[in-house]
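Chemist: The following block contains the structure, expressed as structure tokens.
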Amino acid sequence: MSDGGDKHGTGHFIAERVTSIALMLLTPWFLISIALLDGGYDGARAWAAEPVNALGLGVFLVMTLYHMALGVRVILEDYIFDRDTMRVLLGINTFVTLTAAAVSVYALYSISFGG
Amino acid sequence: MAASSPEPNLGSRPLSPHLQVWRWHVTMLASILTRMTGVGISLGTLGVVIWLAALAGGPAKFVTMETIIRSPPGQVLLFLLAVAACFHFAAGVRHLVWDAGRGLHPKTAGVTAWLSFAFAILAPVGLWWIAGAFAAPAP
């Protein structure tokens with residue numbers, strides 16, 4: 001019955017590459033910004049509250065989390081041989097990444113507008 | 001991530017060839033390290049999300065987070081995460097170049113694998129350098 005594909009391969013391929021191209025720019029920006037952070041809590045908070053940085057962090061984290069969900073999915077599909085186990089783990093993968101995205105967006109909202 | 005009905009891999013999807021009968025090559029190592037570092041930085045990303053949540057949660061939570069990060073085990077883990085991130089980044093660039101149909105000659109792929117290893121070490125050292133880790137301590 002299974003031909004080994006789930007008929008979403010092309011979309012997966014494209015999404016993985018679109019996110020990776022975005023991350024080619026966003027990852028160096030994030031790593032260098034974090035390395036340059038200074039001034040402890042107040043410094044980090046002031047940096048993250050800058051609209052450009054808040055937006056950059058949001059896009060960086062959502063792109064990363066999506067790319068991560070795609071990658072972890074392939075690993076589960078390749079190495080988990082029990083159908084039920086795999087489906088549960090794929091569900092956890094989706095749940096964890098979407099929850100992390102929601103936490104990120106809420107944290108950024110709170111930093112920008114929470115006072 | 002679409003909610004389809006995925007089937008487990010019962011031999012219908014190709015996996016890596018039997019490692020026992022393959023001569024070791026640097027591209028093999030680069031290939032599996034791409035996956036392993038991907039898993040590592042996935043956990044690291046969740047760490048970044050927790051760090052951001054701590055930043056949103058106020059000074060006390062952020063200081064707890066900073067204390068963990070600045071402890072010796074925290075710094076070792078952070079450096080390893082940076083190495084994993086920089087390697088995965090370089091591996092991603094290689095893959096995008098391959099997608100464009102370039103750099104696929106075994107010799108070229110071997111060279112770019114070694115370049116990825118070099119980048120994975122040098123870029124994090126550079127990050128620690130711009131963070132002032134190698135500067136003389138303030139008097």
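Chemist: I'd like to verify a number: residues in the stretch B:1-44 that are more than 23 Å from B:Leu104 (Cβ to Cβ), at pLDDT 90 or above and facing chain A (nearest Cβ under 9 Å), how many?
Modeler: 3
Chemist: Please go through (1) surrounded by 14 or more Cβ atoms within 10 Å (Cβ to Cβ); (2) closer than 25 Å to A:Met63 by Cα; (3) free of Cβ contacts under 8 Å to residues at least 12 places away in the same chain for B:Met65 and return the number of the only condition it doesn't satisfy.
Modeler: (3)
Chemist: Got a number for residues in the stretch A:77-91 being of a type in the set (A, V, I, L, M) and more than 7 Å from every other protein chain (Cβ to nearest Cβ)?
Modeler: Selection size over the stretch A:77-91: 2.
The rows are residues; the columns are (1) within 14 Å of another protein chain (Cβ to nearest Cβ); (2) on the phi > 0 side of the Ramachandran plot; (3) out of contact with any Leu (no Cβ under 6 Å at 6 or more places or on another chain).
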| residue | (1), (2), (3) |
| --- | --- |
| B:Leu46 | yes, no, yes |
| B:Val76 | no, no, yes |
| B:Gly103 | no, yes, yes |
| B:Phe119 | yes, no, yes |
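Chemist: With the structure loaded, tell me whether B:Val49 is assigned to a helix (DSSP H, G or I) and exposed (fewer than 15 other Cβ atoms within 10 Å of the Cβ) or whether it fails that test.
Modeler: Numbers: assigned to a helix (DSSP H, G or I): yes; exposed (fewer than 15 other Cβ atoms within 10 Å of the Cβ): no.
It is false that B:Val49 is assigned to a helix (DSSP H, G or I) and exposed (fewer than 15 other Cβ atoms within 10 Å of the Cβ).
Chemist: Looking at (1) open to solvent by less than 20 Å² (accessible area, probe 1.4 Å); (2) within 20 Å of A:Leu23 (Cα to Cα), which is the only condition A:Glu77 fails?
Modeler: (2)
Chemist: If you take the residues in the stretch B:86-100 that are open to solvent by 20 Å² or more (accessible area, probe 1.4 Å) and among the aliphatic types (A, V, I, L, M), which one is farthest from A:Phe60 (Cα to Cα)?
Modeler: It comes out as B:Ala100.
Chemist: Which one is least open to solvent (accessible area, probe 1.4 Å) among residues in the stretch A:94-115 that are farther than 15 Å from B:Ala53 by Cβ and facing chain B (nearest Cβ under 8 Å)?
Modeler: Ranking the candidates gives A:Thr97 first.
Chemist: Give the residues of the stretch A:80-93 that are open to solvent by 30 Å² or more (accessible area, probe 1.4 Å) and under 21 Å from the mean Cα position of the chain (by Cα), sorted by residue number.
Modeler: Passing the criteria: A:Arg87, A:Val88, A:Leu89, A:Gly91, A:Ile92.
Chemist: Do we have B:Trp114 as in contact (Cβ under 8 Å) with a residue 12 or more places away in the chain, open to solvent by 40 Å² or more (accessible area, probe 1.4 Å) and at the interface with chain A (Cβ under 8 Å from one of its Cβ atoms) here? Spell out how you get there, then give the answer.
Modeler: Numbers: in contact (Cβ under 8 Å) with a residue 12 or more places away in the chain: yes; open to solvent by 40 Å² or more (accessible area, probe 1.4 Å): yes; at the interface with chain A (Cβ under 8 Å from one of its Cβ atoms): no.
For B:Trp114, the condition - in contact (Cβ under 8 Å) with a residue 12 or more places away in the chain, open to solvent by 40 Å² or more (accessible area, probe 1.4 Å) and at the interface with chain A (Cβ under 8 Å from one of its Cβ atoms) - is not met.
Chemist: Would you please name the residue that is nearest to A:Leu65 (Cα to Cα), looking only at residues in the stretch A:9-45 that are more than 10 Å from chain B (Cβ to nearest Cβ) and open to solvent by 60 Å² or more (accessible area, probe 1.4 Å)?
Modeler: Out of the qualifying residues, it is A:Val18.
The values are calculated or read from the model by the stated rules, or taken from the named source; none is laboratory data. Note that the coordinates shown come from a computational prediction; the quantities given were computed from them, not determined experimentally. As a convention, Cβ positions derive from the backbone with ideal geometry for all residues, glycine included, and neighbour counts pool all protein chains shown. Heavy atoms of the whole protein, side chains included, go into the accessibility calculation; ligands, DNA and RNA do not. Shrake-Rupley method; radii C 1.70, N 1.55, O 1.52, S 1.80 Å.
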